[in-house]
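Written out below as structure tokens is the structure these notes cover.
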Amino acid sequence: MKSKLKPVKLSAKRVVVATNHAVVPLRERRLNFGDKWNYAPAPEDSKNYVIAPRHELFIGGKFVQPHSQKYFPSINPATEEKLTEISFADATDVDQAVKSARRAYEKVWSRMPGRERGKYLYRIARIIQEKARELAVLETMDGGKTIKESRDVDLPLVAAHFFYYAGWADKLKYAFPGKTPSPLGVAGQIIPWNFPLLMAAWKIAPALACGNTVVLKPAETTSITALRLAQIFQEAELPEGVVNIVTGAGETGAALVNHPDVNKIAFTGSTEVGKRIAQLVAGTKKKLTLELGGKAANILFEDAPIDQAIEGVVNGIYFNQGHVCCAGSRLFVQEGIYKTVIKKLRDRIQTLRVGNPLDKNTDIGAINSRPQLEKIRELVQSGVDEGAELNQSSCSLPAKGFWFPPTFLTGVTHAHRVANEEIFGPVLSVMTFRTPEEAFERANNIPYGLSAGVWTDKGSKIFKMVNKLRAGVVWANTYNKFDPTSPFGGYKESGFGREGGLHGLAAYCRLD
Amino acid sequence: MVEERAASFGKRSIKTSAKLAGLKLAVSMCDLTTLEGKDTPGKVAYLCRKALQPIEAKYDVPSCAAVCVYPNMVKYARKFLGDVSPVNIAAVATGFPSGQYPLRTKLEEVRRTVADGADEIDMVIDRCAFLAGDHAKVFDEIAATKEACGPAHLKVILETGELVTYDNVRLASEIAMQAGGDFIKTSTGKVSPAATMPVTLVMLEAIRDYFFATGIRIGMKPAGGIRTSKQALAYLVMVKETLGDDWLNPQLFRFGASTLVNDVLMQIVKNVEGNYQGADYFSLP
């Protein structure tokens, strides 16, 4: 570090320091995000958290070997190193799990007073808080998301969901005045890999609060934290069989959906699989909620605070590497501010730090799996082939692992694949509009309808847009805000049913 | 989103070599300040000596950017530092801190202070005029003060704690830059809240947009309330990630602070020696 200021001689006697007042020519007016002051690596310590070499199924309160004796590897997507082996549950295992859940439902859980169920949920929530750091590290190693997000977003929300629904367990009658809520029975729950533990919490907490028992199937690539949660259930002395966890791939999920003794299926995942599940469940008595894909519009008006909106846009698409069903993956910019927005966005993505997800300074972690990375690459290539312009951060990517730099495509039109298909990666498609009417028409011109964002300083415009947008959640002047009290769910092909809040409770009750 | 973004800079984990480099940079950006009615030539001498050499030479810590004093103290500081010094003399002026004085006396004060040897003038804007909606008056006063400064550099104190809203801060920043300020500065230190991360972020964004529009790089000085190394590092992270490397130097970024330096020195020594030293090992400014 240079210690002396550069003195500029002004007169014989006096010396002052001059600011560089030379006017920089227009084309050189660039911000220089170089390496003048590099942050040293700041990795979260993971040595103390041991991952067992093999993970069994969790059925009837115990860890049991799979009937097939088959296991598959679970890898760290940031290093491609094998972390452990996960059991492959077949139809026999699923049947055991459902039987165990049924027994627990009939004999224990549905008979237990709500205030007692609530105590278990509170206990689980507290243990999660105590073990939050460990769970965050495991989540990051298993899924590739940054420690910053698993520590500051995922884990606090996981605990918050258990706390929130614990509070409802003894107050169900007050949740639904004039009704007599009763549990549904055994709930089969299938969750995705983008928020493994959080999705488990979203599904398990309301189900248990209402007196249902659960068979949960985590995603193939992210089972470790769900099974760690199973240990927490043991520690909390949750009665055997109230929650069962069967790991595996699509076949395991299909066996669960098809099981005749399941009363309710809750699925979060792709629209493609959601449609198949809806077909399988059709004609049965099973209740169904689906939380599927999205292609959210983030709408940026001329009168918005642009720098703040840029933060919302960046959070909207690059949060969790864009592996977010409600990601703001389509950006609609009013034409008058288009150039400014693009310039600011280019600068902003240059400051995003991509790399080791365990480093506390990393903003963008690893893509969850190789197939997902290939899907992202293929879609981005299609965008370029169809004539869109590629804007990417010039950051360097680690040699091993699955990575994709923060990217946005400009010159996108509605006829592009990247304007219509869910990319589920750190890729934003930028389009323009002229009037509010055009904005909501374009935003709604898609089979999805999970979420949207509106940026304007004008309150009346917000209300107008919110009422016109066909999306389950509309954020105004913010994005990706989650709270257990707030319902979440989609319109159109983004699914049906709501999770979170009272609505999320209703999805696990029979209301007579 | 301003608060969220500002908070995100504080979450950067600055360790080991980055921490040491950042802390030394912070010292080099300090305007070591004493602004009290009880200031005397003796106190100003203490301050100047501390600014020249904040700690023993073996720690290789740079001198501070400037000392910041009241106009009457400028001549003593000049006497102590001599005509050529790595440490600049900054003086608050224009009826600091309230600014509730006639323009004529404010300009006279500025001229005399520069004549006494000030390298930099930290003026206050007329918040009375700003909040009453007379933005042109605010502009004219800054422009007149800039003229009165002559060769001295002008820092424009917005007193953001009195402007309250981000919209006001942004507008006042734009007025100050267009009127000829070389630096924009958050606060006098006499009003609470003084500098905050979100307010500084709004001002840095205004500086960036002004740079894009005009090609002129304006400096930034948060002042008041920055007391710890951790805070200082968070500010540096904010500068680095908002304006880039070109602003990471004392020509374009300053801290207005009095107690910050010793906390930073304590951390530097800890980083070098491996353990903390007691407060008595660090000289008072």
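The values are calculated or read from the model by the stated rules, or taken from the named source; none is laboratory data. No experiment lies behind these values; they were computed from the predicted model shown. Cβ placement follows ideal geometry from the backbone for every residue including glycine, while neighbour counts extend to all protein chains displayed.
Some points to look at:
- Condition broken by B:A143, with the remaining ones in (1) out of contact with any strand residue (DSSP E or B) (no Cβ under 8 Å at 6 or more places or on another chain); (2) small (G, A, S); (3) surrounded by 17 or more Cβ atoms within 10 Å (Cβ to Cβ) satisfied: (3)
- Within segment A:30-55, the set of residues being more than 26 Å from the chain's Cα centre (by Cα) and not in a loop (DSSP other than H, G, I, E, B) comprises A:N32, A:R54.
- Subset of segment A:141-164 (residues that are within 13 Å of the chain's Cα centre (by Cα), surrounded by 24 or more Cβ atoms within 10 Å (Cβ to Cβ) and part of a helix (DSSP H, G or I)): A:G143, A:S150, A:D154, A:L155, A:V158
- Evaluation of B:G274 against the conditions (1) over 19 Å from B:A66 (Cα atoms); (2) in contact (Cβ under 8 Å) with a residue 60 or more places away in the chain; (3) more than 14 Å from chain A (Cβ to nearest Cβ); (4) surrounded by fewer than 20 Cβ atoms within 10 Å (Cβ to Cβ) shows that the sole unmet condition is (2).
- Selection within segment B:100-124: residues that are in a loop (DSSP other than H, G, I, E, B) and free of Cβ contacts under 8 Å to residues at least 40 places away in the same chain. The member of this set that is nearest to the other protein chains (Cβ to nearest Cβ) is B:Y101.
- Where A:N48 falls short, out of the listed (1) more than 9 Å from chain B (Cβ to nearest Cβ); (2) modelled with pLDDT of 90 or more: (2)
- From the options B:V92, B:V87, B:V69, residue that is at pLDDT 95 or above, more than 21 Å from B:K38 (Cα to Cα) and among the aliphatic types (A, V, I, L, M): B:V87
- Residue within segment B:164-185 that is outside any helix (DSSP H, G or I) and hydroxyl-bearing (S, T, Y) present: yes
- Highlighted here are the strands (runs of 3 or more DSSP E) found entirely within segment A:283-391 that include at least 2 residues which are within 14 Å of chain B (Cβ to nearest Cβ) and buried (at least 21 other Cβ atoms within 10 Å of the Cβ): A:297-300.
- There is no residue in segment B:29-40 that is away from every other protein chain (no Cβ under 14 Å) and assigned to a helix (DSSP H, G or I).
- Filter result for B:S8 (surrounded by fewer than 23 Cβ atoms within 10 Å (Cβ to Cβ), of a type in the set (S, T, Y), at pLDDT 95 or above and within 30 Å of A:W455 (Cβ to Cβ)): yes
- Of all residues in segment B:6-29, those satisfying the criterion of being within 18 Å of B:K58 (Cβ to Cβ), in contact with a Leu (Cβ under 9 Å, 6 or more places away or on another chain) and aliphatic (A, V, I, L, M) are B:L23, B:V27.
- Selection status of A:A89, in contact (Cβ under 8 Å) with a residue 24 or more places away in the chain, in a loop (DSSP other than H, G, I, E, B), touching a Gly at 6+ places or on another chain (Cβ under 9 Å) and more than 18 Å from A:F162 (Cα to Cα): yes
- For segment B:57-74, the set of residues classified as touching a residue at least 12 places away in the same chain (Cβ under 8 Å) and over 23 Å from B:A223 (Cα atoms) consists of B:Y59, B:D60, listed by residue number.
- Any hit, segment B:223-245, residues being of a type in the set (G, A, S), within 11 Å of another protein chain (Cβ to nearest Cβ), without any contact (Cβ under 8 Å) to a residue 40 or more places away in the chain and touching a helix residue (DSSP H, G or I) at 6+ places or on another chain (Cβ under 9 Å): yes
- Within segment B:206-222, the set of residues being of a type outside the set (K, R) and facing chain A (nearest Cβ under 10 Å) comprises B:A206, B:D209, B:F211, B:F212, B:A213, B:T214, B:G215, B:I216, B:I218, B:G219.
- Residue ID - surrounded by the most Cβ atoms within 10 Å (Cβ to Cβ), chosen from residues in segment A:416-464 that are under 22 Å from A:K339 (Cβ atoms) and free of Cβ contacts under 8 Å to residues at least 60 places away in the same chain: A:V418
- Of everything listed in (1) under 26 Å from A:K275 (Cα atoms); (2) among the aromatic types (F, W, Y); (3) in contact with a Gly (Cβ under 6 Å, 6 or more places away or on another chain), the single unmet condition for A:F496 is (3).
- Qualifying positions in segment B:192-205 - crowded, with 17+ Cβ neighbours inside 10 Å and either closer than 26 Å to B:Q100 by Cα or facing chain A (nearest Cβ under 9 Å) (or both): B:A194, B:A195, B:T196, B:V199, B:T200, B:L201, B:V202, B:M203, B:E205
- Among the residues making up segment B:2-15, those that are facing chain A (nearest Cβ under 9 Å), touching a residue at least 40 places away in the same chain (Cβ under 8 Å) and part of a helix (DSSP H, G or I) are B:V2, B:R5.
- Screening segment A:56-80 for residues that are of a type in the set (S, T, Y) and in a strand (DSSP E or B) and picking the one that is farthest from the other protein chains (Cβ to nearest Cβ) gives A:Y71.
- Taking the criterion of being more than 18 Å from A:S223 (Cα to Cα), of a type in the set (A, V, I, L, M) and touching an Asp or Glu at 6+ places or on another chain (Cβ under 9 Å), the residues of segment A:26-70 that qualify are A:L31, A:A42.
- Taking the criterion of being in contact (Cβ under 8 Å) with a residue 24 or more places away in the chain, outside any loop (DSSP other than H, G, I, E, B) and not small (G, A, S), the residues of segment B:41-56 that qualify are B:P41, B:V44, B:Y46, B:L47, B:C48, B:R49, B:K50, B:L52.
- Residue match in segment B:209-227 (condition: among the hydrophobic types (A, V, I, L, M, F, W, C), more than 18 Å from A:L31 (Cβ to Cβ) and surrounded by 22 or more Cβ atoms within 10 Å (Cβ to Cβ)): yes
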